[in-house]
1. Any idea which of (1) at pLDDT below 95; (2) assigned to a loop (DSSP other than H, G, I, E, B); (3) in contact with a strand residue (DSSP E or B) (Cβ under 7 Å, 6 or more places away or on another chain) is the one Glu171 doesn't satisfy?
2. Hey, any hits in region 148-165 for a residue that's assigned to a loop (DSSP other than H, G, I, E, B), more than 29 Å from Gly69 (Cα to Cα) and either under 20 Å from the mean Cα position of the chain (by Cα) or at pLDDT 95 or above (or both)?
3. Can you name the residue in region 166-197 that is in contact (Cβ under 8 Å) with a residue 40 or more places away in the chain and farther than 29 Å from Thr254 by Cα and, of all such residues, is surrounded by the fewest Cβ atoms within 10 Å (Cβ to Cβ)?
4. Considering (1) outside any loop (DSSP other than H, G, I, E, B); (2) surrounded by 14 or more Cβ atoms within 10 Å (Cβ to Cβ); (3) more than 15 Å from the chain's Cα centre (by Cα), say which one Pro145 fails and leave the rest.
5. What number of residues within region 272-321 satisfy the criterion of being at pLDDT 85 or above, in contact with a Gly (Cβ under 7 Å, 6 or more places away or on another chain) and in a loop (DSSP other than H, G, I, E, B)?
6. Give the number of residues within region 216-249 that are part of a loop (DSSP other than H, G, I, E, B), more than 21 Å from the chain's Cα centre (by Cα) and surrounded by fewer than 19 Cβ atoms within 10 Å (Cβ to Cβ).
7. Looking at this structure, is Glu324 at pLDDT 90 or above, under 30 Å from Gln88 (Cα atoms) and either in contact with a helix residue (DSSP H, G or I) (Cβ under 9 Å, 6 or more places away or on another chain) or in a strand (DSSP E or B) (or both)?
8. Show me the strands (runs of 3 or more DSSP E) entirely contained within region 72-142 in which 2 or more residues are touching a Ser or Thr at 6+ places or on another chain (Cβ under 6 Å) and crowded, with 20+ Cβ neighbours inside 10 Å.
Amino acid sequence: MEQFDEMLKAMAEKEEMVMPKGFDGRLKNVLDELPPRKKRRGLGVVKGVLVAAAACALLVGTAFAASPGLREMLAEALGGFAPYAREQEDKAYVIDGIEFKVKSVLADDFTIRAYVEARDVDGDIFDKIDDITIPGRVAGGVDVPTVNEWLVPDAAESWMSGAECLGYDEESRTALLVVSTWKTMPEDLTSAGVEVDHIDSYLTGDFEMIWENTWGRTIPVDVTPVESTVLGRESALVSGLDAEEARLSPLGLTLIFHDYNIHRDPLESYGPEAASVSVKLADGSIVETLQGGQCGIFLSPYDENSSRVLIWNFREPVDVENIEGIYVGDEYFSVK
């Protein structure tokens, strides 16, 4: 039995899995509860299987985030953004039967995106969902303090948020979620937190809320925004679009407008293609924005003092110093 225990430890180390605290003691308790070996064959074989199952259950149940499948899923989701992501403390939070772990966080001046693992602790929640990877099944956002310092006094700031399941690991019953919020980021982000609100399903053909964050609990996150380059009215991009300023970061492009008519789209003169924004780099290559990546935010009061913020997130990270210009629809604006 000591040889088997050592083998399990070796397997865990080979898979880069951290051995859970108290593993030896819990494994011994499980073994002590198994029936004694009476024959060399038969029961001994069964007991060996039970030992392996018990040990694997202990490992999977306490170290699910170390699963190679989940690591690969997260690496693929981050892609080239991995160097800009802030790794998080590997701490679990159980909320109404689902165990959450925030793995990485990306942020700039107007975008914050958290990658979260959600494990079905009870083992029956995700079975009630038709397909958790379908957009709209998961609702949530990142709770970030409001910033009013660049608005008129007593102005109220608005924002947009959303969540989506990027993949599901059947073996560990764990989903990888991306939870995002688009708004003005304050200098102090120490109170930022991920909040997964609810998970829905149409398994029966009718809408049903399968899981809900009953008390609206948030998960603390450590946020380090990447640096943004601010472009003013002297830039062809800003003046050409009649904007107040633009901000470029490896994550995306943000345009800030003053809206004297809140019913007017600041880019309406460029037609419906204006939502299509791409970046031309110094080597001639083009980086596209995400499909549906435009995010519009109104900053009240809705009068001559109001502002509108438009945000586009890039499909892959961009070195701002290598940007030659921006395409808005078919129109090209130099940023040099």
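The values are calculated or read from the model by the stated rules, or taken from the named source; none is laboratory data. What you see is a predicted model; the values in this text were computed from it and never measured. Here Cβ is always computed from backbone atoms with ideal geometry, including for glycine, and neighbour counts include all displayed protein chains.
1. (3)
2. Of region 148-165, the ones assigned to a loop (DSSP other than H, G, I, E, B) are 148-156, 158-159.
Among the residues that remain, those that are also more than 29 Å from Gly69 (Cα to Cα) are: 148-156, 158-159.
So of that shortlist, the ones also either under 20 Å from the mean Cα position of the chain (by Cα) or at pLDDT 95 or above (or both) come out as 159.
Yes, region 148-165 contains at least one residue that is assigned to a loop (DSSP other than H, G, I, E, B), more than 29 Å from Gly69 (Cα to Cα) and either under 20 Å from the mean Cα position of the chain (by Cα) or at pLDDT 95 or above (or both).
3. From region 166-197, those in contact (Cβ under 8 Å) with a residue 40 or more places away in the chain are 166-169, 171-186, 188-189, 191-197; that's our starting set.
Then keep just the ones that are farther than 29 Å from Thr254 by Cα; that gives 168-169, 171-175.
Numbers: Tyr168: 20, Asp169: 18, Glu171: 11, Ser172: 19, Arg173: 20, Thr174: 25, Ala175: 25.
Within region 166-197, the match that is surrounded by the fewest Cβ atoms within 10 Å (Cβ to Cβ) is Glu171.
4. (1)
5. Residues in region 272-321 being at pLDDT 85 or above, in contact with a Gly (Cβ under 7 Å, 6 or more places away or on another chain) and in a loop (DSSP other than H, G, I, E, B): 2 in total.
6. Of region 216-249, the ones part of a loop (DSSP other than H, G, I, E, B) are 216-218, 221-228, 232-235, 241-244, 249.
Restricting the remaining residues to those that are more than 21 Å from the chain's Cα centre (by Cα) gives 232-235, 241-244.
After this cut, where a residue has to be surrounded by fewer than 19 Cβ atoms within 10 Å (Cβ to Cβ) as well, the list is 232-234, 242, 244.
Residues meeting the conditions: 5.
7. No.
8. On the way: elements: 93-95, 98-107, 111-120.
By residue number, 111-120.
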